[in-house]
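Report on one structure; see the data block that follows.
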Amino acid sequence: MATMLLLLSTLVGLFAAAEGQAFHLGKCPTPPVQENFDVNKYLGRWYEIEKIPVSFEKGSCIQANYSLMENGNIKVLNKELRHDGTVNEIEGEATQVNLTEPAKLGVKFFW
């Protein structure tokens, strides 16, 4: 019985710690969207500090560069340094999904 209580309390602790991560049980959260979104403050180079592991990013020194395109969309260029010293990159395009919420961007990558 004591082992079962220890296991249960450990699981509760793990779920509480994981709550801040993107994955959880139940319905997806709907976080608030940034008000007064200024695309010019979003543009430029951003560096990834921490992440949840994903299959399409296996390297390190991951960065994303956002630049404004002539059509008003945002060019997305993601790069990572692979373990063998080569650079892997993928290009995409971000668009505003809903003009009433300009901070929500949909991104499509070109393989």
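The values are calculated or read from the model by the stated rules, or taken from the named source; none is laboratory data. Treat the numbers as computed from the prediction; the structure is a model and nothing was measured. Virtual Cβ from ideal backbone geometry, glycine too; neighbours counted across all protein chains shown. Quick note on the areas: whole protein, heavy atoms, side chains included, nothing else; ligands and nucleic acids left out. Shrake-Rupley method; radii C 1.70, N 1.55, O 1.52, S 1.80 Å.
Within segment 42-63, residues that are touching a residue at least 24 places away in the same chain (Cβ under 8 Å) and open to solvent by less than 70 Å² (accessible area, probe 1.4 Å) have Cβ atoms under 6 Å from residues that are in a loop (DSSP other than H, G, I, E, B) and not hydrophobic (A, V, I, L, M, F, W, C) in these pairs: Gly59/Arg82, counting only partners at least 6 apart in sequence or on another chain.
Within segment 79-95, the set of residues being open to solvent by less than 90 Å² (accessible area, probe 1.4 Å) and either modelled with pLDDT under 90 or of a type outside the set (Val, Ile, Thr) (or both) comprises Lys79, Glu80, Leu81, Gly85, Asn88, Glu91, Gly92, Glu93, Ala94. Just need a number here: residues in segment 82-95 that are in a loop (DSSP other than H, G, I, E, B) and either among the polar types (S, T, N, Q) or within 18 Å of the chain's Cα centre (by Cα) (or both). Qualifying residue count, segment 82-95: 1. Scanning segment 96-111 for residues that are open to solvent by 50 Å² or more (accessible area, probe 1.4 Å), in a strand (DSSP E or B) and not aromatic (Phe, Trp, Tyr) yields Gln96, Val107, Lys108.
Which one of these is of a type in the set (Val, Ile, Thr), at pLDDT 90 or above and surrounded by 10 or more Cβ atoms within 10 Å (Cβ to Cβ): Val33, Val76? On inspection, the qualifying residue turns out to be Val76. When we screen Lys75, Lys79, Lys41, Lys51 for residues that are of a type outside the set (A, V, I, L, M), part of a helix (DSSP H, G or I) and within 18 Å of the chain's Cα centre (by Cα), the only hit is Lys41.
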